[in-house]
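As structure tokens, the structure follows; a few thoughts come after it.
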Amino acid sequence: MAASVGPSAWWRRWRRRFSTRNWSRMLLLLLLLGSGQGPRQVGAGQTFEYLKREHSLSKPYQGVGTGGSSLWNLMGNAMVMTQYIRLTPDMQSKQGALWNRVPCFLRDWELQVHFKIHGQGKKNLHGDGLAIWYTKDRMQPGPVFGNMDKFVGLGVFIDTYPNEEKQQEAQKRRYSPGVQRVFPYISAMVNNGSLSYDHERDGRPTELGGCTAIVRNLHYDTFLVIRYVKRHLTIMMDIDGKHEWRDCIEVPGVRLPRGYYFGTSSITGDLSDNHDVISLKLFELTVERTPEEEKLHRDVFLPSVDNMKLPEMTAPLPPLSGLALFLIVFFSLVFSVFAIVIGIILYNKWQEQSRKRFY
């Protein structure tokens, strides 16, 4: 009969199974779980993502309101419901937005948006869609899906109404093969404050890319993910109920400054829809960089896209003071008088030389 193992022998045997490295890993995992920001591997052995609660939003939607302690602010007709935040109801001429109060200083990040667009409108009788923003300014209502025009930053648009197509039909014109879009349509735009969003053409002149996304009145969850890694912008969607990401937009060389704000907005006009946001989850991505990449990926101060020319921002000239205006006028008059005197002298000399030729 085998002898029983005493408590001290059992403890020594159990302790030998775990090295110092294992203890460290367990302690790190406990700390991460305690903070609610556990890592999740998303790349091939090198990329992990960490949930950033200060930039994320989920049920029961705590920290949403208008007070100074809120992490998220509502604007316009946006309302907090039990299962979602409704940016606009299925009513005409409504406008609403949701903005994060905390600026984001992450270099590499991923924003996962769980949303729902639905309403009573039938084919081509609904609108207008919603937008997801990463911009310098926040809480600025305007005509671009409920946000300001000539924004500074990134806008991703889920457009549900084909304005340009309706104009083409009204003019009895047709698209050439391969040009016509199928709506709803997702597109992206980077702006340095100098560009206007062209509603009449559904943003075609300024878009970085786009894809069709049939997202209205679905009976399963719909998701959009915006990933920004090493100045590489990728937009994917999960709208088929298969729990698989499908590529939509991929653009290299996108330069976005740090310290901008995340937000989402929506607007309705003569046509309408319910535009609901169920959750926003921002993850910090840890990405290895070589020394060369560190030099190349320095901070930028104005949004831009490589190989895409954006008009330069021109600051208005300050108004001239009274003294400056007086000096300009005075010296202009002096210069004019001086030029006239020089002209008279040269003319008189020319006349004298002309007379000498005849005598």
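The values are calculated or read from the model by the stated rules, or taken from the named source; none is laboratory data. Predicted model, so just to flag it, every value in this text is computed and none were measured. Reconstructed Cβ throughout: ideal geometry from the backbone, glycine too, with neighbour counts over all protein chains shown. We work out accessible area using only protein heavy atoms, side chains counted, and drop any ligands, DNA or RNA first. Shrake-Rupley method; radii C 1.70, N 1.55, O 1.52, S 1.80 Å.
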**Message:** Computing the accessible area with a 1.4 Å probe over protein heavy atoms, can you report the carbon and sulfur percentage for segment 226-279?
**Reply:** 43 percent
**Prompt:** When ligands, DNA and RNA are left out and all protein chains stay put, how many square angstrom of accessible area per residue does segment 144-264 have with a 1.4 Å probe?
**Reply:** 43 Å²
**Complete:** For Leu302 and Glu250, extending 7 Å from Cα along the Cα-Cβ vector and measuring point to point gives, in nm, a value of 3.1 nm
**Average Cα contact separation per residue, segment 129-235, under 8 Å, 6 or more apart, as relative contact order %** = 24 percent
**Asked** Pairs Lys52/Lys116; Lys150/Lys242; Lys166/Lys281; Lys59/Lys123; Lys136/Lys166: which are spaced more than 25 Å apart, C-alpha to C-alpha?
**Response** Lys150/Lys242; Lys166/Lys281; Lys59/Lys123; Lys136/Lys166
**Prompt:** What order do you get for 179-192, 151-164, 291-304 when each peptide is scored by the mean count of other beta carbon atoms within 10 Å, highest first?
**Reply:** 151-164, 179-192, 291-304
